[in-house]
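This is the structure I have questions about; it appears just below.
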Amino acid sequence: MLRPGERLDKTGFGDLCVIQKPEDFCYGVDAVILADFAASKDPRRIVDLGTGTGIIPFILSHKTSAEKIYGIEYQQESWERAVRGAEFNGLSQRVRFIQDNVASFSALKGWASAVTANPPYMAGKGGLTNENQAKTIARHETIGSLENFIRCAAELLQDKGDFYMVHRPSRLVDIFSLSRAYHLEPKEMRLVAPRKGKQPNLVLVHSIKNGGPELRLLPQLYVYEDENSYSEEIQRIYERAT
């Protein structure tokens, strides 16, 4: 099941585990809060874009009663880890992974009731790049741009379907303008800060395909209570069951 450099990590959601290679990339709390954000309406058919090793589909399999969940991943090694992870967790029939690029993915059009995305945060090759190609692709828009992710989500969603994304607050103008261009209307926004007194460094955005124009601001989410412990809300996210 495991290959050189890989490890099997518990997710904190039931008995679910994920196969990761720290040298390449490991998921963070942004994936956890995005999955919880998307689980609120208990969608039936879900697609996760840029799924990595499958953490968001795995969490959503625990938090929702979705009948089918697909994860789209470009990098072959990450995709293979996701496939092996689904097998290990006994989810191979319910959670499937497709190796493809969101920039050119053309299947499942109009199929999904919900789409999730945790895209690369850095535009193009901006910011610090990493010598490890897997980390560079995960963090920078080298393979798929923000527009590619939004366009793909719009094509996959059924009418009035839900799109959930986590990104950086600095990209909000781009997110809103591109979303409207592809008929995804932002309906909810939630800023996420490391802890009280710190500037938000993440933002959750929920959009609806062909939805009416009205944006609701949700209370700010704090990840940590102090240096050593999660906030009460993050702890509740881990405790919530389906």
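The values are calculated or read from the model by the stated rules, or taken from the named source; none is laboratory data. Because the structure is a prediction, the values reported are computed rather than measured. Cβ: placed from backbone, ideal geometry, glycine included. Neighbour counts: every protein chain shown. Heads up: the accessible areas ignore ligands, DNA and RNA and are worked out on the full protein's heavy atoms, side chains in. Shrake-Rupley method; radii C 1.70, N 1.55, O 1.52, S 1.80 Å.
Name the single residue that is most open to solvent (accessible area, probe 1.4 Å) among those in region 231-242 being modelled with pLDDT under 95 and not in a helix (DSSP H, G or I).
Within region 231-242, the match that is most open to solvent (accessible area, probe 1.4 Å) is Thr242.
Still on this structure, I have one more. Report, by residue number, each residue of region 1-27 that is part of a loop (DSSP other than H, G, I, E, B), open to solvent by less than 90 Å² (accessible area, probe 1.4 Å) and not hydrophobic (A, V, I, L, M, F, W, C).
Matches in region 1-27: Gly5, Glu6, Thr11, Gly12, Gly14, Pro22, Asp24, Tyr27.
Does Ala35 meet the test of being closer than 26 Å to Pro200 by Cα, open to solvent by 10 Å² or more (accessible area, probe 1.4 Å) and not in a loop (DSSP other than H, G, I, E, B)?
no
Return the pairs, sorted by first residue and then second, in which the second residue is assigned to a helix (DSSP H, G or I) and open to solvent by less than 30 Å² (accessible area, probe 1.4 Å), the first residue lies in region 166-185 and is among the hydroxyl-bearing types (Ser, Thr, Tyr), the beta carbons are less than 8 Å apart, and the residues are 6+ apart or on different chains.
Ser179/Ile150; Tyr182/Ile150; Tyr182/Ala153; Tyr182/Ala154
What about Tyr224, is it open to solvent by 70 Å² or more (accessible area, probe 1.4 Å), modelled with pLDDT of 95 or more and touching a Phe, Trp or Tyr at 6+ places or on another chain (Cβ under 8 Å)?
It is true that Tyr224 is open to solvent by 70 Å² or more (accessible area, probe 1.4 Å), modelled with pLDDT of 95 or more and touching a Phe, Trp or Tyr at 6+ places or on another chain (Cβ under 8 Å).
Also: Which strands (runs of 3 or more DSSP E) sit wholly inside region 157-218 and have at least 2 residues that are farther than 17 Å from Phe37 by Cβ?
Filter on region 157-218 gives 157-167.
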